[in-house]
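The values are calculated or read from the model by the stated rules, or taken from the named source; none is laboratory data. Just so we're clear, the structure is a prediction, and the values are computed from it rather than from any experiment. Note: ideal-geometry Cβ built from the backbone for every residue, glycine included; neighbour counts use all protein chains shown. Remember, those area values only see protein heavy atoms, side chains included, never the ligands or the DNA or RNA. Shrake-Rupley method; radii C 1.70, N 1.55, O 1.52, S 1.80 Å.
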Amino acid sequence: QVQLVESGGGLVQAGGSLRLSCTASGRTFSTIAMGWFRQAPGKEREFVAAISYITRLLDSVKGRFTISRDNAKNTVYLQMNSLKPEDTAVYYCAADRSFGAPSRSEYDYDYWGQGTQVTVSS
């Protein structure tokens with residue numbers, strides 16, 4: 001079992017930055033792949049970024065978002081720069097018990113955090 005707790009969401013103006021954090025407990029963190037997904041009102045949840053031994057990013061956030069992990073702190077980060085109003089969503093952290101190439105599919109993730117709201121004003 002893995003428990004995930006996100007933090008770092010909030011309200012920011014367009015062009016601003018936020019850093020989301022997700023701290024995991026209950027399993028050796030270094031052996032699980034981690035992902036970030038988001039869901040905007042009225043839309044399906046979509047992949048944003050993931051990390052295992054490599055990283056993957058949604059095309060629309062490349063150059064603006066960075067995913068990283070600190071295994072000593074059992075924490076994965078999503079650094080979001082140059083935020084746009086269309087980035088507004090609830091952001092979810094997720095964990096995949098396997099440690100292959102990180103998946104873009106939410107169905108491959110076994111554990112989820114409660115979500116943190118990110119709102120970007122224009």
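Here Gln79, Gln114 are screened, and the one residue that is assigned to a loop (DSSP other than H, G, I, E, B) and modelled with pLDDT of 95 or more is Gln114. Within the range 71-98, residues that are within 16 Å of Val61 (Cα to Cα) and aliphatic (A, V, I, L, M) have Cβ atoms under 6 Å from residues that are open to solvent by 60 Å² or more (accessible area, probe 1.4 Å) and not in a loop (DSSP other than H, G, I, E, B) in these pairs: Ala89/Gln39; Val90/Gln39; Val90/Gln117, counting only partners at least 6 apart in sequence or on another chain.
A quick yes/no check of all residues on (1) small (Gly, Ala, Ser); (2) in contact with a Phe, Trp or Tyr (Cβ under 9 Å, 6 or more places away or on another chain); (3) more than 20 Å from Ser7 (Cα to Cα); (4) in a loop (DSSP other than H, G, I, E, B):
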{"position": "Tyr53", "(1), (2), (3), (4)": "no, yes, yes, yes"}
{"position": "Cys93", "(1), (2), (3), (4)": "no, yes, no, no"}
{"position": "Gly100", "(1), (2), (3), (4)": "yes, yes, yes, yes"}
{"position": "Ser103", "(1), (2), (3), (4)": "yes, yes, yes, yes"}
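Only strands (runs of 3 or more DSSP E) whose full extent lies in the range 1-47 are considered here, and the ones with at least 2 residues that are within 11 Å of Val118 (Cβ to Cβ) are 10-13, 18-25, 33-39. Exactly one residue out of Val2, Val48 is buried (at least 20 other Cβ atoms within 10 Å of the Cβ) and more than 13 Å from Tyr91 (Cα to Cα): that is Val2.
Looking only at residues of the range 72-122 that are aliphatic (A, V, I, L, M) and in contact with a Gly (Cβ under 7 Å, 6 or more places away or on another chain), we find that the one that is farthest from Ser21 (Cα to Cα) is Leu83. Scanning the range 65-76 for residues that are in a strand (DSSP E or B) and in contact with a strand residue (DSSP E or B) (Cβ under 7 Å, 6 or more places away or on another chain) yields a total of 7.
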